[in-house]
Amino acid sequence: MQVEAKKLKLFLLDSGLVSSKDLTEAEKKVKKDGGNLGDALVNGGKIKEDDLKRLEAYILGIPFVGLEKEKIDFDVLRLIPEPIARSHNIVAYRKEGDELEVAMLDPEDLGTIDFIKKKSNLKILPRLTNGSSIKTALSQYQESLQAEFNAIVKEEAASVKILNEGQDVNNASGGELKKMAEDIPVVRVVDTLLRHAILQRASDIHIEPAEKEVIVRYRIDGVLRDAMILPKNVAPGITARIKIMANLKIDEKRLPQDGRFKIETSEMKVSFRVSILPVFHGEKIVMRILLENMKGFSFETLGFTHTQIEDMHWAINRPTGMILVTGPTGSGKTTTLYTAMDILNTPDVNISTIEDPIEYQIPRLNQTQVRPDIGFSFANGLRTLVRQDPDIIMVGEIRDNETASLAVNAALTGHLVLSTLHTNSASGTVPRLLDMEVEPFLLASTVNVIIAQRLVRVLCGGKEKYFLTRKQLDVFEKQVDLDRIAGFLKKEGIMENISDWTKVPFYKPAPSKECPEGYMRRIGVHEIMRVSEGIRNLIMSNATADDIEKQAKKEGMMTMLEDGIVKAVQGITTIEEILRVTSE
């Protein structure tokens, strides 16, 4: 509901909240840029949003409520589903009898009010509020769900049935374990753990049996943290339940097992890659969480700079050759390759992949899963792929000499080959492939570009600015060349000539309710090495990784550390985070 500009102006002048001069300037801005008078005044810092909303509520004759410090009963809060609350900026905060009070930014959103009325079968009383109140209330959905999940897990874990007193679980039959896995409390505990992990944006779930308890940990933004501790008696049931879901042998407890299962909700499809390993106190379970609706990725959102994006497009638009992405497990290599394939995925090309496992499913890509248990390896799959008339081939990982040789030969025979390796730097990929017995002249003539990458945590909005002292800069300069970084900042259009680094702002995390550690999600830091004529000559002469890196830097390559410092100057991440992931 918008208050008429003329009426708002009169009330603002009458209240003395805004001066006549500020109103005139705001009106000019609205006339030039569009929008409304109230937003222009708030954005210009002429009036607080809280004061404006209170005045609008007074003009409209609607009560104003502030929810910044109010703890809302979860039973009341969830009367409005979270997706509706977020998309329409409306929250339920109080219920008395058959009346439900809702706080909203637009009390004239009659469609939403009518929907909530029909869903809850209650009389809806709209109240006007401000943006910070809505934000506070929305954060309570997650807090309340976490509390509810923990309560469910504790309650259900306490009622999990165990085998006969003193009976060893290792001697239980398959039938007894299956019965345990189908026990309602066990089903609810596992279901709750999975939903809770998705809600927390976890990438992995670790279920670790100890002597007297079961520890559940989540990896969130690359960092493992404790999620909950369960009683020891739930371990056999949870393990059996997950084995059934992943179609594994329920009574096999001596050998490692790998499997996969999928759950679907109205909002998303999620795959879980399961690994089970026998340990001293039972079986440890690690589940990798893979969101299947992989959409919206681009080189920009992955963290590539403008110059790096140009290098990536140069590489993927070449008809033949190799594009290699390197880094440790969990550094986003597969996501980078899928983003490249998504760009290349047009009706006039045939893209075939051989993967272990298939992490994302993309329409029009011919994706093949390796099966080492039946002798279907990367090498065997690659031999078959080249007979399938492909234009572009993606090999999930080059692990051995045979796969390396076949990938190089595929690139030589007119295909664009994309693959990954486990090396610490772009230049370190060359000696790794030479160790796999790839001939230097073949390597020099096939590899177009090598990308090394790591993932760093991104700062939340409430970050704190600070400046390095001269003493800190002296220590810092022993690790990085600040003149090179100044050159990259200028080249990318981020900052002009830097004469004094003590005046360049850096940032540190500011923990909050929404961001407990001051970070939210991750982004990549990269180094992209084009295989130029100079680097080809070094490869042919069996040069070291250090010599190759020196040549690449001479030709303008930005290292991962340098890319990270550029992102730290931009306020995307912190120096500490960059040093954490790039230190070898």
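Count of the stretch 536-584 residues, restricted to those that are of a type in the set (A, V, I, L, M), touching a Leu at 6+ places or on another chain (Cβ under 9 Å) and under 23 Å from V504 (Cα atoms), is 9. Among the residues of the stretch 548-559, those identified as assigned to a helix (DSSP H, G or I) and either modelled with pLDDT under 95 or open to solvent by 20 Å² or more (accessible area, probe 1.4 Å) (or both) are E549, K550, Q551, K553, K554.
Residue-wise test of (1) touching a helix residue (DSSP H, G or I) at 6+ places or on another chain (Cβ under 6 Å); (2) outside any loop (DSSP other than H, G, I, E, B); (3) open to solvent by less than 10 Å² (accessible area, probe 1.4 Å).
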site: L538; (1), (2), (3): yes, yes, no
site: D546; (1), (2), (3): no, yes, no
site: V566; (1), (2), (3): yes, yes, yes
site: E576; (1), (2), (3): no, yes, no
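Looking across the stretch 80-114 at every residue that is among the small types (G, A, S) and out of contact with any strand residue (DSSP E or B) (no Cβ under 8 Å at 6 or more places or on another chain), the one that is modelled with the highest pLDDT is identified as G97.
So that you can scan it fast, the table gives a plain yes or no per residue for (1) touching a strand residue (DSSP E or B) at 6+ places or on another chain (Cβ under 8 Å); (2) among the aromatic types (F, W, Y); (3) touching a residue at least 60 places away in the same chain (Cβ under 8 Å):
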residue	(1), (2), (3)
Q453	yes, no, yes
V456	yes, no, yes
G462	no, no, no
Y466	yes, yes, no
L482	no, no, no
A486	no, no, no
E492	no, no, yes
M495	no, no, yes
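For the stretch 98-119, filtered to residues that are open to solvent by 60 Å² or more (accessible area, probe 1.4 Å) and free of Cβ contacts under 8 Å to residues at least 60 places away in the same chain, the residue that is nearest to E49 (Cα to Cα) is L110.
In the stretch 431-531, counting only strands (runs of 3 or more DSSP E) that sit wholly within it, the ones holding 1 or more residues that are closer than 30 Å to L406 by Cα and open to solvent by less than 70 Å² (accessible area, probe 1.4 Å) span 447-459, 519-530. The condition of being farther than 28 Å from Y58 by Cα and at pLDDT 85 or above holds for only one of N170, N164, N121, that being N121.
If a residue has to be out of contact with any Asp or Glu (no Cβ under 8 Å at 6 or more places or on another chain) and not aliphatic (A, V, I, L, M) to count, how many in the stretch 356-371 make the cut? So the count comes out to 6. The residues listed here are V270, V216, V286, V274; of these, the one that is closer than 30 Å to Y519 by Cα, open to solvent by 20 Å² or more (accessible area, probe 1.4 Å) and outside any helix (DSSP H, G or I) is V286. Kindly provide the set of residues from the stretch 324-355 that are farther than 24 Å from H313 by Cβ, open to solvent by 20 Å² or more (accessible area, probe 1.4 Å) and either touching a Pro at 6+ places or on another chain (Cβ under 7 Å) or β-branched (V, I, T) (or both), ordered by number. Selection gives T329 alone.
If you go through the stretch 536-584 and pick out every residue that is acidic (D, E) and either in contact with a Cys (Cβ under 7 Å, 6 or more places away or on another chain) or within 19 Å of F304 (Cβ to Cβ) (or both), you end up with 4. When only residues in the stretch 243-267 that are polar (S, T, N, Q) and closer than 20 Å to D373 by Cα count, which is least open to solvent (accessible area, probe 1.4 Å)? Taking the candidates together, the pick is Q257.
The C-beta contact set for the stretch 374-385 (first residue over 15 Å from N401 (Cα atoms), second residue outside any loop (DSSP other than H, G, I, E, B) and of a type in the set (G, A, S), distance under 8 angstrom, 6+ apart or interchain) comprises L385/S352; L385/A410.
Residues in the stretch 535-579 that are hydroxyl-bearing (S, T, Y) and within 20 Å of the chain's Cα centre (by Cα): how many?
2
Do the conditions hold for A240, that is, is it modelled with pLDDT of 90 or more, open to solvent by less than 50 Å² (accessible area, probe 1.4 Å) and either touching a strand residue (DSSP E or B) at 6+ places or on another chain (Cβ under 9 Å) or closer than 12 Å to I285 by Cα (or both)? Yes.
Restricting the stretch 220-232 to residues that are without any contact (Cβ under 8 Å) to a residue 24 or more places away in the chain and of a type in the set (D, E, K, R), which is surrounded by the most Cβ atoms within 10 Å (Cβ to Cβ)? The extreme case among them is K232. Within the stretch 483-510, the set of residues being within 13 Å of A568 (Cα to Cα) and of a type outside the set (F, W, Y) comprises I485, A486, L489, I494, M495, V504, P505, K508, P509. The residues listed here are R254, R225, R260; of these, the one that is more than 28 Å from Q361 (Cα to Cα), at pLDDT 85 or above, assigned to a strand (DSSP E or B) and not polar (S, T, N, Q) is R225.
When the residues of the stretch 202-213 are filtered to those that are assigned to a strand (DSSP E or B) and not polar (S, T, N, Q), the one that is farthest from the chain's Cα centre (by Cα) is E213. Do we find that D226 is touching a helix residue (DSSP H, G or I) at 6+ places or on another chain (Cβ under 6 Å), more than 14 Å from T192 (Cα to Cα) and of a type in the set (D, E, K, R) in this structure? Criteria not met by D226. Can you say whether I358 is open to solvent by 40 Å² or more (accessible area, probe 1.4 Å), under 23 Å from H415 (Cα atoms) and among the hydrophobic types (A, V, I, L, M, F, W, C), as far as the supplied structure shows? No; evaluated as a whole, the condition is false for this residue. Only one of the listed residues (A235, A210) is surrounded by fewer than 19 Cβ atoms within 10 Å (Cβ to Cβ) and among the small types (G, A, S). That residue is A210. Going through the stretch 81-97 one residue at a time, which ones are over 15 Å from R127 (Cα atoms) and open to solvent by less than 70 Å² (accessible area, probe 1.4 Å)? Correct list: P81, E82, I84, G97.
The values are calculated or read from the model by the stated rules, or taken from the named source; none is laboratory data. Here the structure is a predicted model, which is why all the values come from computation and not from measurement. We place every Cβ from the backbone using ideal geometry, glycine too, and count neighbours over all the protein chains shown. To get the accessible areas, we keep the full protein, side chains included, count just its heavy atoms, and leave off ligands, DNA and RNA. Shrake-Rupley method; radii C 1.70, N 1.55, O 1.52, S 1.80 Å.
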